[in-house]
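Peer 1: I have a structure I would like to understand better, so I am pasting it below and will then ask my questions one at a time.
Nothing in this text is a laboratory measurement; each read-out follows from the coordinates by a stated rule. Not measured: the values here are computed from a predicted model. Glycine gets a Cβ as well: all are built from the backbone with ideal geometry, and neighbour counts include every protein chain shown.
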Amino acid sequence: MLETGNKTIEESRQGEAYGFGILGENNGYSKRFYIESYGCQMNFSDSEIVASILNGEGFGATRNLEDADLIFLNTCSIREKAEQTVRKRLTEFRKVKQSKPSLLIGVLGCMAERLKSKLLEEEKLVDLVVGPDAYRSLPNLIDEAETGTKAVNVLLSREETYADISPVRLNSNGVTAFVSIMRGCNNMCSFCVVPFTRGRERSRDIRSIEQECTDLWNQGYKEVTLLGQNVDSYYWVDQQSGDAFDFAMLLERVALINPQLRVRFSTSHPKDITDNVLHVMKAHENICKYIHLPLQSGSTRILQLMNRPYTREWYKAKVAKIREIMPDCAISADIIAGFCTEEHQDHLDTLDVMRFSAYEFSYMFMYSERPGTLAAKRYDDDVPESVKKTRLEEIVALQNSLSLESNQRDLGKNFKVLIEGNSKRSVEHWMGRNSQNKVIIFKKSDSKDLKPGDYVNVTVTDCTQATLLGEIVC
Ligand code: 5AD
Ligand code: SF4
């Protein structure tokens, strides 16, 4: 997979092990669990729910595999490569278990449903298999597995949102946190396995979302990202009052918790994001001016085959609307190269929409056929691997130049930056983000006593394609 600025950051989290974080007190736990997470932010957020449930069972987190009584892999099925990585990791864990037979190994998340019998019976790689809606049953499943029985629960639910479980923020920087607002997806994009692995869409009680965000603010967090596969279809009805809440209303309620609490959200579907949401974003300075708006393809014919109900013109009009309402709003996309039947002209259409949209960054993938999806059933995966690769390279090259141009446009501008921590390269520099989600690196000030979680004004003095470099404005 090819790397670009923003995607590299996500890639670097793959396989991240959770351990002691700012709040992750490990004292007092008699047993230890080790968890690695793969895939999307939703999975990372789910691992924090799992951590909370395991803490309740007397398991504390460890980053050392050797100390663990329980090892979990929170898995992703979205592309074949993600599954291969997990299988390789399981084989390594199996070896650890040979020298420690009491060790339990579990697979959580999206691969659980897809591969339960294979992992448990054929390959005998794991002791527990638990799907994304079954984490409440972990205590019972662990008890079962401890007796030597293989423990499985991959049932999907129409209601589960884990609304009442307070996630344990283990690997947190203490500044930014993810808050899940809905689960599952009803969209059935033909290439996508998520509706099968994560089930039907359901929205979480608005009061519990507000409460979680308020708690985070009270604990010193400065930024929340509202997470869902398709946040714009958030819809929750208070059964007692009959009041209904959509995403624009939720966004506004969270923004009103405190003007110093930044609010982000992901992911938006181009067909569902409303002008209302755009106006709420514009009205509140603390709602970040950044929208992740997956394109997938710029060809109307391919979009139809993908079961994405918009045309290239419609998508472009949505981008134009965003730029009209919020000229300073950054936009990013997901793009798939080489979907079934894709011709050269379709590929050119994708490049054209990319140029029109002038994305700040993109997540770019080669199409990977997933068993059970509509595309796998209906269409041939007929674009040769070499063609997919060339097209992806062209898409990445274009995105790289768009990202650089976008960063160059920021030279000389001032941004309000939220400091997240030290720069990875130097402790003499801070790393933070502006509202547009761009990373800014700048030298620490001798005269200012700043710390992570502080806001600071920064002028952009230089840039690369991936990063802005700046100086604190006195
Ligand atoms: N092949 C390639 N990319 C995929 N995505 C989802 N399914 C596939 C697949 N089968 C990408 C889409 C989606 C992102 C999360 O992953 O671009 O928006
Ligand atoms: Fe998959 Fe489409 Fe749902 Fe995104 S919107 S999770 S791509 S089915």
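Peer 1: Largest first and in whole Å, give the semi-axes of region 134-210's equivalent ellipsoid, each being the square root of 5 times a Cα gyration tensor eigenvalue.
Peer 2: 24, 21, 13
Peer 1: Out of residues 5 or more away from residue 234 or on other chains, whose amide H comes under 5 Å of its own, with H placed 1.01 Å from N in the peptide plane?
Peer 2: It is 247, by chain and number.
Peer 1: Let me ask something additional. Which ³J(HN,Hα) values, rounded to whole Hz and listed in residue order, are derived for region 461-474 from phi using the Karplus coefficients 6.51, -1.76 and 1.60 in 6.51 cos²θ - 1.76 cosθ + 1.60 with θ = phi - 60°, glycine and proline given as x?
Peer 2: Listing the rounded values in order: 10, 7, 7, 10, 5, 9, 9, 9, 10, x, 9, 5, 8, 6 Hz.
Peer 1: Moving to a separate point now. Scan region 93-195 for trypsin sites (Lys or Arg not before Pro) in coil per DSSP, keeping those whose Cβ has at most 15 other Cβ atoms within 10 Å, and list them by number.
Peer 2: 124, 158
Peer 1: Can you tell which of 466, 372, 447 lies farthest toward the positive end of the dipole of region 327-474, using +1 and -1 charges on the Cβ of basic and acidic side chains (Lys, Arg; Asp, Glu)?
Peer 2: The one lying farthest along the dipole's positive direction is 447.
Peer 1: Principal axis lengths of the chain from Cα atoms, whole Å, largest first?
Peer 2: Cα extents, longest axis first: 63, 60, 52 Å.
Peer 1: Between residue 428 and residue 210, how many nm apart are label points set 7 Å from Cα along the C-beta direction?
Peer 2: 4.9
Peer 1: Here's a follow-up. Suppose every K and R has +1 on its Cβ and every D and E has -1 on its Cβ; what is the size of the dipole of the chain about the Cα centre, in Debye to the nearest 20?
Peer 2: 420
Peer 1: With viscosity set to 1.567 mPa s at 4 °C, what whole-number translational diffusion coefficient in µm²/s follows for region 394-474 from Stokes-Einstein and a Kirkwood radius over Cα pairs?
Peer 2: In µm²/s, the coefficient is 101.
Peer 1: Which three numbers, in whole Å and largest first, are the semi-axes of the equivalent ellipsoid of region 116-250 derived from its Cα gyration tensor as √(5λ)?
Peer 2: Square roots of five times the eigenvalues give 30, 20, 15 Å.
Peer 1: Only Cα pairs under 8 Å and at least 6 apart count here; give the relative contact order of region 316-430 as a rounded whole percent.
Peer 2: 28
Peer 1: A further question follows. Suppose we keep just the alpha-carbon trace of region 178-315; what are its Rg and Dmax in angstrom?
Peer 2: Both quantities, over Cα of region 178-315: 15.8, 49 Å.
Peer 1: Oh, and also: List the Cys residues of the chain that have no partner Cys with a C-beta closer than 4.7 Å.
Peer 2: 40, 76, 110, 185, 213, 288, 329, 340, 463, 474
Peer 1: Next up: For Cα pairs less than 8 Å apart in space and 6+ apart in sequence, what is the mean separation divided by the residue count of the chain, i.e. the relative contact order in percent?
Peer 2: 11
Peer 1: Same structure, new question: Considering Cα pairs under 8 angstrom that are at least six residues apart, work out the relative contact order of region 235-373 and quote it in whole percent.
Peer 2: Answer for region 235-373 is 21 percent.
Peer 1: To the nearest 500 deg cm²/dmol, what mean residue ellipticity at 222 nm is calculated for the chain from DSSP H runs of n ≥ 4 alone, each contributing -39,500 (n - 2.57), summed and divided by the residues?
Peer 2: It comes out at -10500 deg cm²/dmol, rounded to the nearest 500.
Peer 1: Just to check I understand the Karplus step: with θ = phi - 60° and J = 6.51 cos²θ - 1.76 cosθ + 1.60, what whole-Hz values come out for region 426-441, glycine and proline as x?
Peer 2: Whole-Hz 3J(HN,Hα) from phi for region 426-441: 8, 6, 7, 10, 8, 10, x, 10, 8, 4, 6, 6, 7, 6, 10, 10.
Peer 1: While we're looking at this one, here's another question. Long-range amide H contacts for residue 71: which residues qualify at under 5 Å (H placed 1.01 Å from N, peptide plane, sequence gap of 5 or more or a different chain)?
Peer 2: Long-range HN contacts for residue 71: 34, 104, 105, 106.
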